Protein chains: 2
Amino acid sequence: MVHDLHGFFYPRTVALIGATDKPDKPGTAILENLAHFKGAVYPVNPKHGTLLGHHCYPSLMAIPDEIDLAIIALPAALVERALEEVHKKDIRRAILISSGFAEAGEEGRLMQKRIAGKAKEYAIRVIGPNALGVYNTDNGLDSFFVSRERVSRPAPGRLSIISQSGAITVILMEALARDGMGIAKAVNYGNRLDVDDADALDYLIDDPQTGAVAMYIESVADGGKFLQAAKAFAAKKPLVIWKAGKHELGAAAVSSHTATLAGKYGLYQAAFRQAGAVEAFGFDHMIDASKAVALMDYPCVGKRLLVVTNGGGMAVAASDQAQLEGFTMPRVPDAVRQKLDQAFPPFFVKNNPIDLTGSGRNEDYYIALKEALPHYDAAVVIVLMGSTTVTEEATAIIARACHEAKKPVTCCILQGLGYTQEAMHALLKLGIPVYPSPERAVRALAALRKANQKKECE
Amino acid sequence: MVHDLHGFFYPRTVALIGATDKPDKPGTAILENLAHFKGAVYPVNPKHGTLLGHHCYPSLMAIPDEIDLAIIALPAALVERALEEVHKKDIRRAILISSGFAEAGEEGRLMQKRIAGKAKEYAIRVIGPNALGVYNTDNGLDSFFVSRERVSRPAPGRLSIISQSGAITVILMEALARDGMGIAKAVNYGNRLDVDDADALDYLIDDPQTGAVAMYIESVADGGKFLQAAKAFAAKKPLVIWKAGKHELGAAAVSSHTATLAGKYGLYQAAFRQAGAVEAFGFDHMIDASKAVALMDYPCVGKRLLVVTNGGGMAVAASDQAQLEGFTMPRVPDAVRQKLDQAFPPFFVKNNPIDLTGSGRNEDYYIALKEALPHYDAAVVIVLMGSTTVTEEATAIIARACHEAKKPVTCCILQGLGYTQEAMHALLKLGIPVYPSPERAVRALAALRKANQKKECE
């Protein structure tokens with residue numbers, strides 16, 4: 001059976017009501033972005049004959065094709081009328097981009113309520129209002145009213161994003177694109193007049209492109225429904241949730257920007273635990289945990305951590321964090337130590353952390369991981385690319401050792417500069433997530449461990 | 001009176017013992033880096049006639065000039081002999097780059113002890129061994145054995161770095177360079193045979209180029225001496241300290257890589273508090289706090305925080321963090337609110353956070369800050385550069401408003417992509433530190449507040 005939300009992500013035909021070419025208008029950016037969509041696009045605007053090379057239709061009814069999805073990018077006051085047209089054209093899916101509804105005060109709230117009633121009456125499923133809508137790398141569908149010049153779109157990948165906030169959706173996508181991480185689908189449902197957090201999760205459970213979900217919420221529409229959906233999702237795929245509006249000041253910010261209540265943080269935390277979701281404690285943590293769970297697929301991850309480094313101080317920082325995250329760091333077994341003693345000069349440190357020092361070469365990483373990693377559950381590999389004995393090839397060599405050992409590994413390489421940026425992207429392509437600090441590399445492994453801690457592996 | 005350590009940072013003449021042109025040798029990278037030094041450089045190596053365009057001397061004694069500083073980049077076993085030559089030439093400052101001493105086992109420990117005895121006897125002050133030594137942007141002095149191609153050097157700035165770990169020194173410099181932050185001086189003292197943490201702090205108290213210090217330690221040489229130096233320093237300039245080897249696993253990593261004891265973390269924390277230093281809890285925090293205290297100079301910072309944003313979700317995250325950091329977020333005063341009501345469309349949120357929404361323009365940031373910031377102690381300004389109504393000029397406009405209000409402000413702009421990277425560097429140049437997440441922008445302000453919380457402003 002096709003999921004009720006499938007039509008939002010895989011329409012054959014899309015009509016854009018409010019298409020335009022005026023700079024800074026949502027309808028302009030969306031039409032530009034729809035150029036990437038592998039389906040038919042029908043702009044609607046009575047004031048234009050053509051737009052961006054498309055024939056432009058004066059009304060929905062004038063389109064000589066069935067429409068699967070309507071995207072409405074009109075001022076709030078015109079949306080109700082547009083929804084009636086959507087109904088007349090027998091379209092069953094609408095994304096309401098427009099803001100100025102419940103988040104904007106009493107009048108908007110009433111307008112939103114009326115529209116909700118009509119959508120129900122007409123059996124139209126709605127995403128929005130006050131939403132970016134949908135981005136799907138599988139078919140290029142992109143209803144976001146932010147230009148690609150301003151906000152990079154990640155390439156196809158296994159992570160999907162569900163977000164209540166448009167700003168967070170955009171900034172997550174930007175951060176993931178920066179790190180070379182791909183995504184499968186993103187949905188920002190805004191005021192959730194109809195489609196909500198739980199619906200989106202429920203749809204992605206069976207989406208073959210989605211391997212994991214990163215979810216941002218300030219509040220959920222229906223606690224029981226959400227818990228059920230989160231539980232079902234997390235039983236099949238890793239789920240990372242960032243709940244904002246946790247504390248008094250954050251909750252006040254939520255109610256002043258969305259006119260909803262943030263709810264008791266303790267209840268959310270209990271629900272996340274019960275569902276088996278990984279809680280992200282802020283923006284960086286969200287990015288870090290999401291990368292780990294989307295890139296690495298291990299049924300369960302134990303707590304014995306190996307650290308390999310070419311800079312002692314960085315390994316100390318990783319070890320401090322390992323303790324906080326509940327890892328243990330048993331010493332390298334004697335038999336392994338003997339092998340390392342043979343392979344390495346005396347000044348390499350062959351405990352755990354294994355410190356290859358500033359003299360460590362690419363192949364020393366391979367030797368250390370090959371000999372030691374089979375005796376551990378996971379590893380953090382720290383590479384200071386400033387060392388002259390380490391080259392670009394280190395990334396492929398490290399990845400090979402990790403894949404041979406079939407153990408989850410995160411890397412710490414400082415990002416941001418050309419040289420290290422390339423190393424980071426190279427490792428990501430090989431399925432190894434890279435983090436810009438030792439603490440974050442450890443924390444990401446801890447998130448993976450939590451996500452994959454199913455009962456059967458305890 | 002000239003400080004005893006001045007000669008390490010401001011020699012007129014430098015001799016490099018162990019200069020070479022073999023790839024991957026420390027002596028090669030150091031000689032290359034000394035090309036930037038505004039003083040005379042004398043390479044010493046009996047096997048070469050010239051090196052990198054310098055005349056190369058067979059011995060120290062052959063140099064026809066007085067030498068202020070000797071940099072020794074020889075294998076450990078040759079260092080003792082070299083120190084005798086240093087003494088014969090009547091040089092009073094030596095940086096020992098060489099590793100293979102106390103950190104490498106019993107034999108090395110004894111060798112280090114012998115050298116320490118001789119240095120004392122000859123009245124030679126020593127930085128190292130197992131150290132990068134000194135980087136001084138004021139005169140280009142650079143004894144680091146990492147090439148500039150591999151590790152970027154930050155431009156001149158107000159922050160100085162004192163670090164026990166070479167790896168951390170390098171990675172801090174790389175991160176600061178990436179962010180467009182300048183530094184004044186950096187010193188990595190390694191095994192601290194002589195010059196230690198407290199000495200370095202004591203020297204930088206009166207260094208006119210140094211406005212603040214970021215310090216990484218695993219342990220200190222002498223607790224009482226350290227506390228006294230930290231107290232004296234923090235009374236004059238902000239001091240951010242990252243103590244690693246805090247927890248059991250981290251402390252074990254310290255003793256296996258430096259053969260020193262990490263000491264009780266609780267005692268360190270008490271000392272930091274007593275000294276008035278800001279504790280950094282890891283790598284990112286170190287970078288974040290250092291940027292804030294080095295760029296912004298305010299005698300004392302109160303706790304009333306204003307948040308201005310063009311994306312609601314980001315402001316919620318900032319507000320959550322504000323609560324954790326002990327800030328308050330009073331609502332915008334009524335008189336200000338009336339002005340904002342006149343200036344802004346109804347859908348902008350005029351509480352605190354002030355949310356300019358995706359429609360906020362550059363000048364709206366100016367209006368919000370100009371009207372509201374005088375009523376607060378500090379602000380976090382969040383700019384989603386993906387919005388089409390915000391342009392590159394936003395940075396200058398925001399900086400102007402902050403400078404007019406004379407209040408400390410941190411910005412949150414996601415970094416890493418070309419467009420946003422430029423915005424970040426532009427703001428940094430205007431003295432406003434930029435962070436890649438809302439939580440980090442708030443945390444950095446909290447560090448500034450802590451650093452500037454002198455008794456008189458309570």
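The values are calculated or read from the model by the stated rules, or taken from the named source; none is laboratory data. Because the structure is predicted, anything quoted here is derived from the model rather than measured. All Cβ positions, glycine included, derive from the backbone under ideal geometry; neighbour counts span all protein chains shown.
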> Assuming B:PHE344 fulfils every condition listed in (1) at the interface with chain A (Cβ under 9 Å from one of its Cβ atoms); (2) at pLDDT 95 or above apart from one, which condition is it?
Replying inline: (1)
>> Anything in the range B:336-367 that is over 18 Å from A:VAL254 (Cα atoms) and hydroxyl-bearing (Ser, Thr, Tyr)? List them, or say none.
In response: B:SER359, B:TYR365, B:TYR366
> So which residues in the range A:91-127 are within 14 Å of another protein chain (Cβ to nearest Cβ), under 26 Å from A:LEU31 (Cβ atoms) and outside any helix (DSSP H, G or I)?
Replying inline: A:ILE97, A:SER98, A:SER99, A:GLY100, A:PHE101
> Just wondering, is there one or more residues in the range A:307-330 that are surrounded by fewer than 16 Cβ atoms within 10 Å (Cβ to Cβ), free of Cβ contacts under 8 Å to residues at least 60 places away in the same chain and closer than 30 Å to A:VAL213 by Cα?
Replying inline: yes
>> Restricting to the range A:154-181, give me the number of residues that are within 11 Å of another protein chain (Cβ to nearest Cβ), under 23 Å from B:THR389 (Cα atoms) and not in a helix (DSSP H, G or I).
In response: 3
> Of these, A:ASN139, A:ASN130, which one is in a loop (DSSP other than H, G, I, E, B), of a type in the set (S, T, N, Q), within 13 Å of chain B (Cβ to nearest Cβ) and closer than 25 Å to A:HIS6 by Cβ?
Replying inline: A:ASN130
> Given the conditions (1) facing chain B (nearest Cβ under 9 Å); (2) surrounded by 24 or more Cβ atoms within 10 Å (Cβ to Cβ); (3) closer than 22 Å to A:ARG449 by Cα, and given that A:ASP288 satisfies all but one, which numbered condition is not satisfied?
Replying inline: (1)
>> farther than 23 Å from A:ASP297 by Cβ, of a type outside the set (S, T, N, Q) and part of a helix (DSSP H, G or I): which single residue out of A:GLU404, A:GLU392, A:GLU363 fits that description?
In response: A:GLU363
>> Tell me the residue from A:ALA70, A:ALA77, A:ALA35, A:ALA82 that is within 30 Å of the chain's Cα centre (by Cα), among the hydrophobic types (A, V, I, L, M, F, W, C) and either on the phi > 0 side of the Ramachandran plot or not in a strand (DSSP E or B) (or both), please.
In response: A:ALA35
>> Take B:LEU428 and tell me if it is within 14 Å of chain A (Cβ to nearest Cβ), out of contact with any Asp or Glu (no Cβ under 6 Å at 6 or more places or on another chain), at pLDDT 85 or above and in a loop (DSSP other than H, G, I, E, B).
In response: no
> Quick check, is A:ASP222 surrounded by fewer than 24 Cβ atoms within 10 Å (Cβ to Cβ), in contact (Cβ under 8 Å) with a residue 24 or more places away in the chain and farther than 19 Å from B:GLY312 by Cβ?
Replying inline: yes
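Residue-wise test of (1) modelled with pLDDT of 95 or more; (2) assigned to a strand (DSSP E or B); (3) over 22 Å from the mean Cα position of the chain (by Cα).
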| position | (1), (2), (3) |
| --- | --- |
| B:HIS285 | yes, no, no |
| B:ALA289 | yes, no, no |
| B:PRO299 | no, no, no |
| B:GLY313 | no, no, yes |
>> Would you confirm, using the coordinates I've provided, whether A:VAL349 is facing chain B (nearest Cβ under 10 Å), over 27 Å from B:GLU149 (Cα atoms) and among the aliphatic types (A, V, I, L, M)?
In response: yes
> Here are B:LEU295, B:LEU306: which of them is touching a Gly at 6+ places or on another chain (Cβ under 7 Å) and of a type outside the set (Asp, Glu)?
Replying inline: B:LEU295
> What is the number of the single condition among (1) within 19 Å of A:ALA405 (Cβ to Cβ); (2) buried (at least 24 other Cβ atoms within 10 Å of the Cβ) that A:GLY302 does not meet?
Replying inline: (2)
> If you take the residues of the range A:372-392 that are under 20 Å from A:GLN323 (Cβ atoms) and surrounded by fewer than 21 Cβ atoms within 10 Å (Cβ to Cβ), which of them is farthest from the chain's Cα centre (by Cα)?
Replying inline: A:HIS375
>> Criterion first (within 30 Å of A:LYS25 (Cα to Cα), more than 14 Å from chain A (Cβ to nearest Cβ) and not small (Gly, Ala, Ser)) does B:GLN274 satisfy it?
In response: no
> Looking at the range A:16-32, which of the residues that are charged (D, E, K, R) and either in a loop (DSSP other than H, G, I, E, B) or under 18 Å from A:ALA94 (Cα atoms) (or both) is modelled with the lowest pLDDT?
Replying inline: A:ASP24
>> Checking the conditions here, which among B:ALA167, B:ALA175 is of a type in the set (A, V, I, L, M, F, W, C) and touching a strand residue (DSSP E or B) at 6+ places or on another chain (Cβ under 9 Å)?
In response: B:ALA167
> Tell me, which helices (runs of 4 or more DSSP H) lie completely within the range A:182-270 with 2 or more residues that are hydroxyl-bearing (Ser, Thr, Tyr) and within 24 Å of B:LEU324 (Cβ to Cβ)?
Replying inline: A:248-258
>> Tell me whether the range A:39-48 contains one or more residues that are exposed (fewer than 14 other Cβ atoms within 10 Å of the Cβ) and not in a loop (DSSP other than H, G, I, E, B).
In response: no
> Among the residues of the range A:234-283, which ones are among the polar types (S, T, N, Q) and either modelled with pLDDT of 90 or more or at positive phi (or both)?
Replying inline: A:GLN269, A:GLN274
> Quick one: which of B:VAL336, B:VAL332, B:VAL308, B:VAL293 is assigned to a strand (DSSP E or B) and more than 9 Å from chain A (Cβ to nearest Cβ)?
Replying inline: B:VAL308
> Of all residues in the range A:256-314, how many are out of contact with any strand residue (DSSP E or B) (no Cβ under 6 Å at 6 or more places or on another chain), aliphatic (A, V, I, L, M) and within 30 Å of B:ALA167 (Cα to Cα)?
Replying inline: 4
> Here are A:LEU369, A:LEU448: which of them is buried (at least 24 other Cβ atoms within 10 Å of the Cβ), under 28 Å from the mean Cα position of the chain (by Cα), within 19 Å of A:MET329 (Cα to Cα) and at pLDDT 95 or above?
Replying inline: A:LEU448
> Of all residues in the range B:432-454, which are of a type in the set (A, V, I, L, M) and not in a loop (DSSP other than H, G, I, E, B)?
Replying inline: B:VAL434, B:ALA441, B:VAL442, B:ALA444, B:LEU445, B:ALA446, B:ALA447, B:LEU448, B:ALA451
> Which condition breaks for A:GLN228 when tested against (1) in contact with a helix residue (DSSP H, G or I) (Cβ under 6 Å, 6 or more places away or on another chain); (2) at pLDDT 95 or above; (3) over 16 Å from A:THR169 (Cβ atoms)?
Replying inline: (1)
> Taking the condition touching a Leu at 6+ places or on another chain (Cβ under 8 Å) and more than 9 Å from every other protein chain (Cβ to nearest Cβ), does A:GLU325 pass?
Replying inline: yes
> Within the set of pairs 6 or more residues apart or between chains, which connect a residue that is more than 10 Å from A:PHE233 (Cβ to Cβ) inside the range A:192-216 to a residue that is of a type in the set (Lys, Arg) and crowded, with 23+ Cβ neighbours inside 10 Å with Cβ atoms less than 8 Å apart?
Replying inline: A:ASP207/A:LYS185; A:GLN209/A:LYS185
